[in-house]
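Contents: one structure, followed by commentary.
The values are calculated or read from the model by the stated rules, or taken from the named source; none is laboratory data. These figures come from a predicted structure and were not determined experimentally. Glycine also receives a Cβ, built like all others from the backbone with ideal geometry; neighbour counts cover every protein chain displayed. The area values use the complete protein model at the heavy-atom level, side chains included, leaving out ligands, DNA and RNA. Shrake-Rupley method; radii C 1.70, N 1.55, O 1.52, S 1.80 Å.
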Amino acid sequence: YSTDFEVHRNWLAITHNLPLSQWYYEATSEWTLDYPPFFAWFEYGLSHIAKYFDPKMLVIENLNYTSHATIFFQRLTVIFTDILFIYAVRECCRCANGKRAAKDILEKPAFILAVLLLWNFGLLIVDHIHFQYNGFLFGLMLLSIARLCQKRYLEGALLFAVLLHFKHIYIYVAPAYGIYLLRSYCFTANNADGSLKWRSFSLLHVTLLGLIVCLVSALSLGPFIVLGQLPQVISRLFPFKRGLCHAYWAPNFWALYNAMDKTLTILGLKCNFLDSTKIPKASMTGGLVQEFQHTVLPSVTPLATLICTFIAILPSVFCLWFKPQGPRGFLQCLVLCALSSFMFGWHVHEKAILLAILPLSLLSVQRVKDAGIYLILTTTGHFSLFPLLFTPPELPIKILLMLLFTVYSFSSLKSLFRRERPLLSWLETIYLVQLVPLEIFCEILFPLTPWKQHFPFVPLLLTSVYCALGITYAWLKLYVSVLTERIPVRPKAE
C-alpha cells in the first residue's frame with residue numbers, strides 16, 4: 001500500500017482523538033493534516049465508522065499501522081464515496097452534445113463520455129490502487145460543471161465553493177468559475193455584436209453569489225477564526241518550504257527547467273566552467289521533498305511560480321470574458337487554468353494532471369480538434385503516473401489497464417469523428433508511440449545495467465521530461481485553438 005494509506009489513517013486518528021483546536025497543530029507523524037476543514041470533518045465522520053473495523057487504526061502513536069481490517073475499511077470508503085462521482089458523470093452525460101446522431105448506442109457521445117470518465121485510467125490507479133479520495137472530489141467538480149451547463153448557476157457556485165473547502169488545489173480553476181458566473185449570471189444580456197450590455201448587471205445575482213461564498217467559508221473557516229488559528233491553517237494548506245518539485249518531478253515546465261539545469265551543470269563540469277566543490281551535493285532528482293538551489297539557471301521562488309501561473313492563466317480568462325461561448329468556453333477556460341497551474345505551479349503533484357484530463361473529456365466528444373488534444377494529453381498524462389505503481393506485481397496491471405483505456409479512447413473517438421480529419425498528425429503519433437520503448441527501457445532494460453546503482457533517478461527523469469514535452473505541446477495546442485477560434489455572434493436575450 002502507498003504512503004497515502006498512512007496519511008489518511010493518521011488524519012482519522014487526529015480528528016477522532018483531538019479537539020478541533022489541535023487538528024492543525026498535531027505533528028506526531030510527518031503526515032500532518034494539510035487539507036481544508038471540510039475534508040477534516042469528512043475524516044472525522046469516517047473515524048466514527050472506522051472504530052468498528054479496527055480501533056487501533058485510530059491511535060495517533062500507531063505510526064505506519066496497518067491491518068487487513070484497516071485496508072479493507074479505507075478501500076471500502078473510496079468505493080462508497082465514488083457514488084457521487086457516478087452521479088456527476090450521469091449529469092454531465094445529459095449535457096453532452098447530442099447533435100451527432102448514431103444508431104448504435106456505443107457510438108453516441110454521451111456513452112463514450114461516460115466510459116472516458118468512469119473508466120479513466122488515471123483516476124482508477126490513483127484512487128483504487130495507489131489510494132486517495134479524488135473520486136468524490138472530482139464528482140463535486142463535475143456536478144458543479146453540469147449545473148452551470150444546465151444554467152443552475154447558484155447550485156454550481158455552491159458545489160464549487162464546497163469543493164474548495166474540501167481540497168484547495170481546485171483554487172487554480174476558480175478564475176474560470178468566477179469569470180463565467182460574472183459574465184453569464186451577473187450580467188443578463190449582450191449587445192447585438194456579442195459585447196457585454198453593462199446595463200444588464202444584476203446586483204441581486206452578485207449578492208446571492210457573495211452570500212454563498214461567505215456562508216460556505218464561514219462554515220468551514222469560522223471556528224478557526226474564532227480560535228485565532230487561521231494563520232496556522234493557512235500555513236498547513238500552503239507549505240512553501242516543501243520545495244519547487246514533488247518527490248517525483250511532475251511532467252511540467254519546471255521538469256524541463258530542472259533537466260536543462262542538470263544538463264548545463266554536466267557540460268559546465270566537463271568544460272571546466274564550473275567548480276565541482278561549489279555545486280550542491282543534493283540532487284533534485286533524488287526524490288527528496290526539500291528546497292534546492294539550481295546550479296546554473298536562476299533558482300525559482302514561490303512568488304516566481306505564482307507570477308508565471310497568473311500570466312499563463314490570463315489569456316484564457318480574457319477569452320472567456322471577451323469571446324463568450326457559453327458552457328463550451330467555460331470548459332476551455334477551466335482546462336487551460338488547470339493546465340497552466342500544472343505547468344507553472346509550486347510543488348505540483350503528478351496526480352494534478354487529472355484536474356485537466358477529466359474536464360477535457362467533456363470537450364473531446366464535441367469537436368475533432370479537442371479530441372486530438374485529449375488523446376495527446378491523456379496518453380502522456382496517464383503514462384506519467386506509472387511511477388506511482390513501482391512494485392513488480394503492479395507492472396502488468398498498470399500496463400494492461402492503460403492499454404485498455406487508451407485503445408478504447410482512440411477507437412471510440414476515431415469512430416465518432418470518422419467523417420472528419422484524422423485525430424492526430426503523423427508527428428504526434430510518432431511521439432506517442434515512443435512511449436513504448438521508453439517504458440521498456442525504464443522497467444526492463446535499465447534495472448539490468450550498472451547505471452542503476454549510480455543513477456537510480458534516471459527512469460523518473462526520462463519519464464518526467466518526455467511526458468512534459470507532450471503535456472506542454474497539448475497545452476500550447478489548446479491555447480492556440482482557443483485564441484484563434486472565431487466566434488459567431490449570438491445575442492443573449494434579456
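Pairs only if they're at least six apart or on different chains, beta carbon under 9 angstrom, first in the stretch 166-188 and free of Cβ contacts under 8 Å to residues at least 24 places away in the same chain, second open to solvent by 20 Å² or more (accessible area, probe 1.4 Å) and among the acidic types (Asp, Glu); list them, first residue then second.
Once the first residue is free of Cβ contacts under 8 Å to residues at least 24 places away in the same chain and sits in the stretch 166-188, no partner that is open to solvent by 20 Å² or more (accessible area, probe 1.4 Å) and among the acidic types (Asp, Glu) comes close enough.
Return the residue satisfying two criteria in turn: it lies in the stretch 371-389 and is of a type outside the set (A, V, I, L, M, F, W, C) and either in a loop (DSSP other than H, G, I, E, B) or at pLDDT below 95 (or both), and of such residues it is most open to solvent (accessible area, probe 1.4 Å).
Applying the first criterion (of a type outside the set (A, V, I, L, M, F, W, C)) to the stretch 371-389 yields 372, 374, 378-382, 384, 387.
Pick out the ones that are also either in a loop (DSSP other than H, G, I, E, B) or at pLDDT below 95 (or both) and you get 384, 387.
Working: Ser384: 1, Pro387: 37 Å².
Selected residue: Pro387.
Tell me, which helices (runs of 4 or more DSSP H) wholly within the stretch 91-174 include 1 or more residues that are among the basic types (Lys, Arg) and either within 30 Å of Val368 (Cβ to Cβ) or open to solvent by 40 Å² or more (accessible area, probe 1.4 Å) (or both)?
Once the helices (runs of 4 or more DSSP H) in the stretch 91-174 are filtered for at least 1 residues that are among the basic types (Lys, Arg) and either within 30 Å of Val368 (Cβ to Cβ) or open to solvent by 40 Å² or more (accessible area, probe 1.4 Å) (or both), what remains is 134-149.
Are any residues in the stretch 346-363 farther than 20 Å from Gly135 by Cβ and surrounded by 24 or more Cβ atoms within 10 Å (Cβ to Cβ), and if so, which ones?
Scanning the stretch 346-363 gives a single hit, Val348.
Considering only residues that are of a type in the set (Asp, Glu) and open to solvent by less than 10 Å² (accessible area, probe 1.4 Å), which ones fall in the stretch 7-47? Write out each step before concluding.
Residues of the stretch 7-47 that are of a type in the set (Asp, Glu), as a first pass: 26, 30, 34, 43.
Hit for the stretch 7-47 is Glu43, nothing else.
If I filter the stretch 303-323 down to residues being open to solvent by less than 20 Å² (accessible area, probe 1.4 Å) and of a type outside the set (Val, Ile, Thr), which single residue comes out as nearest to Glu485 (Cα to Cα)?
The residue in question is Cys319.
Counting just the residues of the stretch 48-60 that are among the aliphatic types (A, V, I, L, M) and part of a loop (DSSP other than H, G, I, E, B), which one comes out least open to solvent (accessible area, probe 1.4 Å)?
Ile60
If you go through the stretch 433-484 one residue at a time, how many are open to solvent by 80 Å² or more (accessible area, probe 1.4 Å), assigned to a helix (DSSP H, G or I) and among the polar types (S, T, N, Q)?
Number of matching residues: 2.
Go through the stretch 337-359 residue by residue and tally those that are without any contact (Cβ under 8 Å) to a residue 60 or more places away in the chain and either over 11 Å from the mean Cα position of the chain (by Cα) or not in a helix (DSSP H, G or I) (or both).
Applying the first criterion (without any contact (Cβ under 8 Å) to a residue 60 or more places away in the chain) to the stretch 337-359 yields 356.
Keeping just the survivors that are either over 11 Å from the mean Cα position of the chain (by Cα) or not in a helix (DSSP H, G or I) (or both) gives none.
Residues that pass the stated criteria total 0.
Go over the candidates Leu76, Leu63 one by one and state the one that is among the aliphatic types (A, V, I, L, M), open to solvent by 50 Å² or more (accessible area, probe 1.4 Å) and without any contact (Cβ under 8 Å) to a residue 12 or more places away in the chain.
Leu76
Within the stretch 402-432, how many residues are within 26 Å of Glu350 (Cα to Cα), open to solvent by 40 Å² or more (accessible area, probe 1.4 Å) and hydrophobic (A, V, I, L, M, F, W, C)?
6
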